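Below: the structure, in structure tokens.
The values are calculated or read from the model by the stated rules, or taken from the named source; none is laboratory data. In this text the structure is predicted, and so the values were computed from the model without any measurement. Here the Cβ positions follow ideal geometry from the backbone for every residue, glycine too, while neighbour counts run over all protein chains shown.
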Amino acid sequence: MAQAMTISNTKLPINLDDLLRQRTVEGERIEYKAGWNPDAITRTLCAFANDFENLGGGYVVIGQDCDDYGRPMFPPIGLPGNQLDKIQRELLAHCQLIQPPYFPVLSLEVIDGRNLIVLWAPGGQTRPYKAPEAVTAKNKVWKYFIRRYSSTVEAKGDTEQELLSLAAKVPFDDRFNQSARVDDLTKPLMQEFLEEVGSALATDAPHLSTETLGRQMNVAGGPVESPWPKNVGLLFFTETPERFFPGVQIDVVWLPEGAGGNRFDEKIFKGPLARMTREALRYIQRNYLHETVIKHPDRAEATRVWNFPYAAIEEAVVNAVYHRSYEEREPIEVRISHDELAVLSFPGPDRSIRMEDLKAGRAVSRRYRNRRIGEFLKELEMTEGRSTGIPKILKEMAANGSPPPLFETDDDRLSFVIRLPRHPLVLVPKTDVEEVTPEVTPEVTPEVARVVRALRTALSRQELQGALGLRDGEHFRKAYLLPALASGLVEMTQPEKPRSSKQRYRLTNVGRRWLKLQPGDNSV
């Protein structure tokens, strides 16, 4: 926990070895130091604590040298073993000079036989922070520091004033929930998350108490005698977060006769935030998205368009989950008709964002409402968190040939609606009083057909690849597996754990029906 009165020596929420092997360059959230440089390191810790861009803080890796492009070098230069205790004592003293005092999480790591010290510095709860320009100077001058790309710089002028305005404003998702207990966190959900993101902490998690694991993941804290979970922990790691936050749900509403009709179908999704979001998106993809194939007499290539592109829907729904207020009791609502798909959430975008910029895809907001929720969604690769959601929606709609999306809010920014119009060339299925959901026979590529025919029983990824006689795993994933899943003919046996070692793939009801209609395939 970042605000403890000592620097804790614990496991990191990331896999450091994987991070370094991926040649991750220095940036806003990571800095490499070849040796112990107390002045520069203290300034960087102050900058991460201020978390001016609301990115979730960052990491300082001491003992890791890098090349001219900011990429880590191997083997790392490392730190002498007889200096580790001395560095930790000095670091503790220097962190006490930060005002207010700020203590990162410290982890001793060994990479290629070399000692490294890694400091995890989450955004602080009592920002703004200031640190001495030089902790080793006799006459110290305190200044505010922030991160700008891969550098730590002094906050000056308007930037300093904006940083000061953040004083004592701990975001709702990072606050302690004193109406709940640490035992309300579900340890298996925490372990599943760590396994999915490849954290080194996953190995030790089964042997830790829920409180200890919660503290190490920074989703719990408070005094030892009275620990509390944080709101972000209750949202991601309880089976029923709606107990603490009424309205935490996604309502998917199907309107076969349009908004003015008398009939509608509604399905409500609840549960841990990531699971709820994934299940709602899969339900929409499975039931309401269909592709139209338009053949041309003058050329062999057909035009393929979707009524609503899935990538745009995914961005719109995840954007709503990320930026909605969890203090309000209004659910996220996805309203689907033949003519449009609309995502409604509360409240609206930050007042600093002008609507003309939003519509043009130029809107940039660094005052994210839920920075900790964004941190977990980034780890799960559900969002980038760089104000890229709106531009990606515009891009995906244009790539599908769809009309541009519409972004709506009211003058008081009380709500936000993203409207995705139907592609004009997509045929609208005829409906009658018995029909609620349109059914469309999917177009099947030769590659997808091979996958379907191979899945007489549920198979793992390796078994399926072997059954198809394919050696290149990446080609198999891109050309065969992902299109098969997107077609709706194939599904995962454990969709809530896409990276599980026990994951298998099987035919859906639609896939079995398709296979039964093929010549010579009447055994399904």
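If you go through the range 365-386, how many residues are under 21 Å from LEU281 (Cα atoms) and modelled with pLDDT under 85?
Total satisfying the criteria: 3.
Please determine whether any residue of the range 77-98 is among the acidic types (Asp, Glu), assigned to a helix (DSSP H, G or I) and more than 23 Å from LYS143 (Cβ to Cβ). Walk me through how you get there before you give the answer.
Step one: list which residues in the range 77-98 are among the acidic types (Asp, Glu), which gives 85, 90.
Remaining after also requiring assigned to a helix (DSSP H, G or I): 85, 90.
From what is left, the residues that are more than 23 Å from LYS143 (Cβ to Cβ) are 85.
Among the residues of the range 77-98, at least one is among the acidic types (Asp, Glu), assigned to a helix (DSSP H, G or I) and more than 23 Å from LYS143 (Cβ to Cβ), which makes the answer yes.
In the set ALA311, ALA316, ALA300, ALA320, which member is small (Gly, Ala, Ser) and over 26 Å from the mean Cα position of the chain (by Cα)?
Residue meeting the stated conditions: ALA300.
When both residues are 6+ apart or on different chains and their Cβ atoms are under 8 Å apart, which pairs have a first residue that lies in the range 48-59 and is in a loop (DSSP other than H, G, I, E, B), and a second that is surrounded by fewer than 23 Cβ atoms within 10 Å (Cβ to Cβ) and of a type in the set (Ser, Thr, Tyr)?
PHE52/THR159; ASN54/TYR368
Which ones in the range 393-419 are part of a helix (DSSP H, G or I) and out of contact with any Gly (no Cβ under 9 Å at 6 or more places or on another chain)?
GLU396, MET397, ALA398, ALA399 - these are the residues of the range 393-419 that are part of a helix (DSSP H, G or I) and out of contact with any Gly (no Cβ under 9 Å at 6 or more places or on another chain).
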